[in-house]
Amino acid sequence: NIYGSPPTIAEIAVAIEAEKFPHQYLYKFSWSPLFPAEVLASWRQVLDVIEIRFGVASKERILSEQGIKVGSVGSPISIDALASKSKEELLRTAIEWRASISDWPSSVYSLAQAIMEVMKGDLSVWTEDPVVIVTELVHPIYIYEYIQMLTEQLDSFPWEPKTFIKLADLVLDEPWAVKNIEGSERFDYKDPWKMARSAAIQLIVKVAGKDADLSEGLDDFIAQLIRRSTTLESEYLPSKADPYERTLSHDSGIALQALIAVAANDFRTKGSVRPTIIENFTIMLDLSGPIAEEIRSLIAAQLPLFNAIAHDWLEDKFVVIFTNENDGGLSQSVIDVAMKWGSVYERLLRERKAQVWDAVKREVPNSLSKVLIAMLRKLDGYSVTWVIDRLKMLNKLSSAGETLGRLISNSPDLDAEMLTITADFWRKALASGTNESLTGFGWFAGAKQLPDAELAEFWRATLS
């Protein structure tokens with residue numbers, strides 16, 4: 001039975017009497033209207049007893065405001081009720097709320113989000129001293145939602161960078177032990193501060209992106225980021241996601257992203273990046289294991305940015321970024337990231353041609369478009385004839401036609417020389433003797449820059 005074995009009537013009666021009703025039984029009771037009678041046969045008496053205490057389970061209730069909503073659960077206290085509270089009462093609600101048996105469909109996350117909606121209604125009160133608010137919210141779930149709210153509303157209230165730096169320092173220090181919010185294991189995570197730490201770092205990233213002056217009080221925060229950027233969580237196991245995507249989900253990757261954002265802020269506001277950050281970039285390239293791939297991937301996805309803010313460093317370390325003596329596969333995986341996530345970087349296309357074409361062969365997203373952009377820019381080693389020959393060998397001429405057609409159609413300001421190269425590519429693709437059906441070139445229907453007479457001739461030849 002997919003519903004499993006039911007508890008005894010006596011067990012249910014004791015749980016109801018003690019008001020310590022197991023959530024898994026309430027969950028099964030709530031969703032029971034969606035299951036056929038034969039599945040629920042062994043549970044029927046138990047469900048009838050639960051119904052006496054919690055009311056009739058129905059499909060309508062599942063979809064109602066009172067029942068469990070699809071994909072979410074409701075706040076145990078309405079926004080209107082929360083809005084009627086004073087500042088002190090609202091903070092006390094966050095500190096003192098615990099789920100009772102009547103709150104079984106509710107979520108502390110929904111309560112936290114409801115409280116944030118109230119705070120948004122009077123930002124001047126709730127943003128006057130964010131450090132104090134974070135201290136008084138106590139639990140990381142509320143702190144996470146509060147910092148998220150600050151980040152989202154950053155353009156709606158006055159703020160000073162040093163205040164957010166103090167806030168981030170406080171959260172990263174994890175200054176107090178966390179008590180379980182429900183008295184059960186429902187919200188008892190091994191690392192309850194994780195989301196709050198990430199939110200605090202992302203707040204500084206957004207502040208840095210606004211070219212705020214980060215000179216005051218940032219040294220300790222940078223030291224925290226440097227330490228975290230070179231340290232993997234003790235139980236960290238890489239997922240199957242590509243290494244760039246993995247960096248977005250754990251502390252070391254998030255910290256490195258923040259260091260890059262601060263470095264970019266340094267360059268834009270002061271003209272150079274502080275040496276401690278550059279030194280850390282160098283140190284990180286000496287690390288090995290999963291973190292090495294992720295560090296290199298995060299850099300590879302932002303090569304033009306590094307070229308702008310740390311040109312000499314990138315020129316010196318370029319080969320190291322795409323090389324690892326202990327793992328020959330690392331270089332290719334990092335280049336795949338650069339092709340998929342990064343902007344066109346000419347040195348990579350020139351010096352790593354074999355790996356670039358390997359990415360095209362394996363259909364790494366955006367790799368084909370980067371090769372075609374290299375051709376349009378007349379980059380060494382990417383002549384029209386040479387690109388046609390490689391694509392023909394890979395049976396990707398039609399795909400290239402589609403990619404180039406989309407590119408041209410979406411680039412109305414393309415210069416005349418690039419349009420000439422585009423026409424040459426189409427002409428030589430037709431003359432290549434390929435066995436492919438070049439249907440991909442149909443995407444040139446949107447290429448309004450090419451003269452009608454030339455397009456007509458190309459259409460005739462392609463259809464032929």
Filter segment 279-300 for residues that are of a type in the set (A, V, I, L, M) and open to solvent by 40 Å² or more (accessible area, probe 1.4 Å); the one that is nearest to residue 232 (Cα to Cα) is 287
For segment 386-411, pairs from a residue that is under 15 Å from residue 438 (Cα atoms) to a residue that is among the polar types (S, T, N, Q) and open to solvent by less than 40 Å² (accessible area, probe 1.4 Å), with Cβ under 7 Å and 6 or more apart or across chains, are 388/432; 392/432; 392/434; 397/432; 397/434; 403/369; 404/422
Test: residue 407 is touching a helix residue (DSSP H, G or I) at 6+ places or on another chain (Cβ under 7 Å), within 15 Å of residue 373 (Cβ to Cβ) and not in a helix (DSSP H, G or I): no
Here the residues within segment 167-182 that are touching a residue at least 40 places away in the same chain (Cβ under 8 Å), crowded, with 17+ Cβ neighbours inside 10 Å and more than 10 Å from residue 192 (Cβ to Cβ) are 168, 169, 172
Hey, residue 113 part of a helix (DSSP H, G or I), out of contact with any Leu (no Cβ under 9 Å at 6 or more places or on another chain) and at pLDDT below 75 or not: no
Considering segment 328-364, residues that are under 19 Å from residue 304 (Cβ atoms) and aromatic (Phe, Trp, Tyr), and then whichever is farthest from the chain's Cα centre (by Cα), we arrive at 345
Within segment 197-223, how many residues are open to solvent by 60 Å² or more (accessible area, probe 1.4 Å) and in a helix (DSSP H, G or I)? 4
Can you confirm whether residue 407 is touching a Leu at 6+ places or on another chain (Cβ under 9 Å), within 15 Å of residue 441 (Cβ to Cβ) and open to solvent by 20 Å² or more (accessible area, probe 1.4 Å)? yes
Inspect segment 154-163 for any residue being part of a helix (DSSP H, G or I) and within 21 Å of residue 257 (Cβ to Cβ) and give the result as yes or no. yes
Among 402, 454, the single one that is within 21 Å of residue 366 (Cβ to Cβ), open to solvent by 40 Å² or more (accessible area, probe 1.4 Å) and either of a type in the set (Asp, Glu) or within 35 Å of the chain's Cα centre (by Cα) (or both) is 402
Of the residues 396, 428, 361, which single one is over 30 Å from residue 315 (Cα atoms) and either in contact with a His (Cβ under 8 Å, 6 or more places away or on another chain) or open to solvent by 40 Å² or more (accessible area, probe 1.4 Å) (or both)? 428
Just wondering, is there one or more residues in segment 311-328 that are surrounded by 13 or more Cβ atoms within 10 Å (Cβ to Cβ) and small (Gly, Ala, Ser)? no
Between a first residue in segment 24-53 that is under 12 Å from residue 9 (Cα atoms) and touching a residue at least 40 places away in the same chain (Cβ under 8 Å) and a second residue that is crowded, with 19+ Cβ neighbours inside 10 Å and of a type in the set (A, V, I, L, M), which pairs have beta carbons less than 8 Å apart while being 6 or more apart in sequence or on different chains? 46/12; 49/12
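The values are calculated or read from the model by the stated rules, or taken from the named source; none is laboratory data. Keep in mind that what you see is a predicted model, and the values were worked out from it rather than measured. All Cβ positions, even for glycine, are placed from backbone atoms using ideal geometry, and neighbour counts span all protein chains on display. What goes into the accessible areas is simple: the full protein's heavy atoms, side chains included, and nothing from ligands, DNA or RNA. Shrake-Rupley method; radii C 1.70, N 1.55, O 1.52, S 1.80 Å.
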